[in-house]
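The values are calculated or read from the model by the stated rules, or taken from the named source; none is laboratory data. The structure presented is a predicted model; accordingly, all values stated were derived computationally and were not measured. Reconstructed Cβ throughout: ideal geometry from the backbone, glycine too, with neighbour counts over all protein chains shown.
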Amino acid sequence: MTTPTFTPRVFSGIQPSGGLTLGNYLGAIKRFVQMQEEGLPTVYCMVDLHAITVWQDPADLRHNTRELAAGFIASGISPEKSILINQSQVPEHAQLGWVFSCVARMGWMQRMTQFKDKAGKNTQNVSLGLFGYPALMAADILVYHATHVPVGEDQKQHLELTRDIATKFNHDYGVDFFPITEPVIEGAATRVMSLRDGSKKMSKSDPSDASRINMTDDADTIARKIRKAKTDPDALPSETEGLTERPEARNLVNIYAALSDQSVDQVLNEVGGQQFGSFKPLLAELAVAKLSPISTEMARLMSDPAEIDRILARGAEQAREITVPILEKTYEIMGMVR
C-alpha cells in the first residue's frame, strides 16, 4: 500500500475555562500566530465541548468562549488567515469523537496522566466525558486531517494517543486515511511556571492572583506582579547550567527569552552577573510592551460580543467545508449506509 501525501494543516485548541494567562500565551497562542504567518493552513479552536467534562455555568462558558476568542484575535490570530471556531459549532468533532471512542482501548485511556491528575481519588464520581475526552481530542485533530499540532509538553501524551488511534483505524480498515500527526513543541517557555513557586505550572486555578499574569491584566498590574515575583538572592548565571537548581530564576529567564524571541543562552549572555533588582525592571518593561496592547485590544473586542459571535459563525462555515467530507469518507470506509 502506498503511503499517501497529506496536505500540511495545523490544528490546535484551548479550553474556554476562564482566565487566559501568560502561560497560555507563551506556551500556545504565540506559537499559533507564528505558524499562521508561515503560510500553512491553520485551524484554531475554543474547545467548549472539552470544557463541559466538568460542570460549567452557562453564562460563564459563553463569556469565557468569547474572551478566549478575543485573546486569540488580540494576540495576532487573524480570522482572514486562520479558521477560528468554537468546537460545538462544528458537529463533526463530536461525531468523529464517537467513532474514535470505539477505536481507542480502555487501557490507553487509563494510562492518561491528565485524567489521573484531574480525577484524583474521585474516579468513580467524575464524568464519563472526563475519562473519554482524549478520543474527542483525537477527533478534533483528525477531522481536519491535521498534520501538525502546536502543544505544550503536558499535552504530548494526548498527541501520542491521537497517533495510536489513527494508526489503529488505518490498520483495522486497511486504509491510509488518517495522517500520523506530528506534535510541534518548541520555544524557551513552552511550560511557564508560577511567579510564586517555580516548581509549579502557572495556573488560572491557583488561589493567588500574584502567581500568574492574566492576559487581561493592565500595564501596572503586569509590572507589579513581575517586581514581586519570587526569586533567590544570587546573581543570574552566564550559562544555562547555572539555572539547574534555581526554578524561579529559570522561569523568569525563560519568560524573558520567549517574549524577546531569544534563546536562554542569548539572554544570559546579556544579563549574566546581574542581580534581580536590575533584571526584573528589564523583564517588566518587556512584558508590558508585549502584553499590554493585547489586554487593551481584548477589552475592545469584548465590548462587542456580537462581532465575536459573527467571526466564530463564519469560522464554523469554513471549517465544515473540510470536516463534512472527511467524516462522510470515514463513515463510508466503516460501512455506514450513506
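Just a few scattered comments:
- Helices (runs of 4 or more DSSP H) fully within the range 243-338 counting 1 or more residues that are over 30 Å from D140 (Cα atoms) and β-branched (V, I, T): 247-259, 264-271, 276-302
- Scanning the range 47-91 for residues that are within 19 Å of H158 (Cβ to Cβ) and of a type in the set (G, A, S) yields a single hit, A51.
- Filtered by the rule that a residue be at pLDDT 95 or above, surrounded by fewer than 16 Cβ atoms within 10 Å (Cβ to Cβ) and touching a Gly at 6+ places or on another chain (Cβ under 9 Å), the range 193-250 gives no residues.
- If you go through the range 322-338 and keep only what is within 14 Å of Y144 (Cβ to Cβ), in contact (Cβ under 8 Å) with a residue 12 or more places away in the chain, of a type outside the set (V, I, T) and surrounded by fewer than 17 Cβ atoms within 10 Å (Cβ to Cβ), you end up with just K329.
- When residues of the range 119-158 are limited to those that are modelled with pLDDT under 90 and of a type in the set (A, V, I, L, M), the one surrounded by the fewest Cβ atoms within 10 Å (Cβ to Cβ): L128
- Extreme residue, farthest from I73 (Cα to Cα), among residues of the range 310-321 that are touching a helix residue (DSSP H, G or I) at 6+ places or on another chain (Cβ under 9 Å) and surrounded by 14 or more Cβ atoms within 10 Å (Cβ to Cβ): R320
- Residue check: V337 meets all listed conditions (1) touching a helix residue (DSSP H, G or I) at 6+ places or on another chain (Cβ under 8 Å); (2) farther than 30 Å from L195 by Cα but one, namely (1).
- Flag set for I29, criterion: within 26 Å of A284 (Cβ to Cβ), free of Cβ contacts under 8 Å to residues at least 60 places away in the same chain and in a helix (DSSP H, G or I).
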